[in-house]
Amino acid sequence: MNKLTEINTFNSKMRFWWSASKEYLIKSLSVDTERGLLKEQVDSHRRSFGANTLEEIKLTRIWELILDGVKEPMMILLLSIAALSLLFGKPAEAIVMVFVVAAYISVEFINKFRTDRTMARLRELTQPMTKVIREGRIQEIHTSDVVVGDVAVLSEGVRIPADIRLIESFGLLVNEAPLTGESFPVQKNDKSDSGQDTPLAERRNCVFSGTIILAGEGKGIVMAVGNKNELGIIARQVQAQKKDKTFIQEAMTRLAKTLAVLAVIVSILIPAVGFLRGLNVQEMILTWLALTFLMIPGQPPVIITMSLALASFALANKKLVVKRLRGVEVLGQVTAIVTDKTGTITENKMRVDSFVLPDGTEVKPQSLDDKLKHRISLCLPRYSNDPTDKAVEASLGSLNSKDSYNFLEGFSEGHPWRTLIYKERQSSYSAIAGQPESLINLSTITPAQKGTLLKILQKETDKGSRVVAFAIKEGIEGKDVSPEGSEFLALAVLSDPVRPDVKEAVASLLKAGISTYIVTGDHPTTARMVARAIDIDSDVLSGNDMEKMDDRALSDKLFSVKVFARISPTQKQRLVTLLKQKGETVAVIGDGVNDAPALKASNVGIAMGEIGTDLAKEAADLVLTDDNYAHLPEAILLGRKALDNFRKGLTYYLSAKAILLSIFLIPLALGIPFPFAPIHIIMTELLMDLASSTIFVTEAAEPDVMRRKPQTITNFLNKTIALRIFRNGFFLAIGILTLYLWLYYHTQNVILAQTAAFVTWLLGHIMLALNLKQEKLSLLKQGIFSNRFGSLWLVGMLILSFIITTVPFVRPYLHTSSLPLNVWLVILVVVFISTWWIELSKVIHTRFQQ
């Protein structure tokens, strides 16, 4: 068999290298475990298996981003609006439209830039220098120079440079939380066996790139580097995943197309028909230009941008930083939350809940007597990075118990316990900490006490707690590491506590119609107990179970199963994809490298700010800066409020357009002048846009915003909305037309009739906005001045109406006249009747519900 055939055969089997024997791997790679690789082997393996670097992302040129951006239908329409606005003398609106297009392209550029940074962050997660054995000696090389087959030297504090199969291990303890979500440090052992289907988090004979050694030492053969190791696989998933278009982006594109076509038809048809009916040619040309201004659909993008921007400022006050405005939009439509457990629901900080004494008595840490605290403290290394050691040490308080002891050495020769040897005067001690079963059974306590302790151990393990035992031997000389005959001290029961207020937050989200799914790399028992602690009562599905199910079967399980354990990053991404396929709008919350693909695949990703990895933050749309899960319901509320306000503002905007369009049709059919002069139409467009952009986007949330099911916006012009637009505008349109026709035919004074119609519109459209800004809460109950921008606009419209009808030198420029007192009274009656029926319907609806 030639060398190429050997490599191809090895590559086919290396897919499950963690399950192969050490002897097979050593032989296949021609590795001398004592002398390491030779220089020619290093070069050969780099060519055959690849370099230990992540694939560089091809940089996108700026002109390519601009071209891709302007090809979007919505962007083409906005640029067309800008061109028309500029053509018809509205440079301000043209600038706004160009700004929106520029902002869109800028966001795309920023997203691309962030993707590049994401890959850079992944490269930073590897150790700059790594110790390997080559040509018979230990060498320190750049991590990027590590190749498959290298014999890596592992020690405490080292960030692992690649995926490695252990060939020697002495008390190796690894923090895999960023990669697997495992909340407790993982004990590694080169003698452990792993099957092909063994989940990543349970491969005890391997260590993985990007994780950190907390204690112990060992050696291992590098088996996967660069894009082929677990970290590289995640990097490729993050790179390949693209965010879907949001519901509003798609709905806005459809709406813009419809309004653009309608604008062209109306702005041409009405003046043309007027001209054919014999109306003044010059007046019709001016009307055509004015109607073009009026019908150009330029305001909706401004309304949504303002709504989301204001929401992002409010979210920042709730410690939730918005990286992309689309995140706020989607946040308001979330129906399912997929959350990590470790560091997200829990604090990722070990805590001793209690100590169990040899007779089975459980005591709180503060209740331990000083002598026992002193003896347990001897079992702890002086400078340990192990979270369990640190938690036990913290629970014992400040002790100077080791000052009189001379520490000799500490070791763990492949046993499930650790021994620290001390000398005090003429006596020596072995302080032992480790696996509870071993220390209980090998100690000198009675069989009855052993039985009691083993039952307590089983109970605590079933609860998802971590349990460690402590024992001590006196009068020992030499390296006697066996706990046999030792004095049993205590069991320490530890937990990773649930964050405060998470339970209340999950309950609040459930009331809002949002399901919570816990997806973790941790043990199923631990996942179940944490879920129950926050009132999620569900069966647990493991990663192995998932692998045996096709998408349809797994999708069906999502109706009942809300907790998933021993889940890999790819499996988590699969769950998110299936939830989206079921029609869910999915938010993913995470903090680790293992969460990044799911964060990117979700509709909206939320990363933890304090404990979150850089990769998780880069992949997310929002960052929860203080890691407080309790802020999520508040964030959902603000997202829903922003969407509600946008939807109400847009419905009002379309209602106002419909009113203005309808009041032109009857005069057109009768062959009489239009109710508004061209200058009135232009003022109407400016004033209406400003009203909808300020009153609605600043409105408070609906009272029931967190007591209703999520609402997904998919279409802005369906039958329901069309009916609502007709209902909103019908009475005001009838009122304006009736007043205009009455004055026109009664007085034959076109300017007087147009002035009355215009003033009715000025007051009526603001009152309509005030009545529509809350769908269920009465304006009288809320307060007519509850929205300060609404109050200012109402006062402003009253002042404007007074000026254009009473100031003589203004009237000729605005084509207005003074109004008699009786006309003013009629205007006020029309405004009141045509808008306040909405308030009456709210009161009736509320009483009917009660």
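Could you list, in sequence order, the residues of the range 562-576 that are within 20 Å of residue 180 (Cβ to Cβ) and either surrounded by fewer than 16 Cβ atoms within 10 Å (Cβ to Cβ) or not small (Gly, Ala, Ser) (or both)? Across the range 562-576, the qualifying residues are 563, 564, 566, 567, 569, 570, 571, 572, 573, 574, 575, 576. Against the conditions (1) surrounded by 18 or more Cβ atoms within 10 Å (Cβ to Cβ); (2) modelled with pLDDT of 80 or more, residue 191 satisfies every one except (1). Contact map, the range 619-648: first residue closer than 17 Å to residue 711 by Cα, second residue part of a loop (DSSP other than H, G, I, E, B) and aromatic (Phe, Trp, Tyr), Cβ cut-off under 7 Å, separation 6 or more or different chains; pairs are 645/696; 648/696. Counting the residues of the range 365-406 that are farther than 30 Å from residue 211 by Cα and either modelled with pLDDT under 65 or in a helix (DSSP H, G or I) (or both) gives 17. Of the strands (runs of 3 or more DSSP E) lying entirely inside the range 492-599, those carrying at least 1 residues that are in contact with a Gly (Cβ under 6 Å, 6 or more places away or on another chain) are 586-590.
The values are calculated or read from the model by the stated rules, or taken from the named source; none is laboratory data. No experiment lies behind these values; they were computed from the predicted model shown. Glycine also receives a Cβ, built like all others from the backbone with ideal geometry; neighbour counts cover every protein chain displayed.
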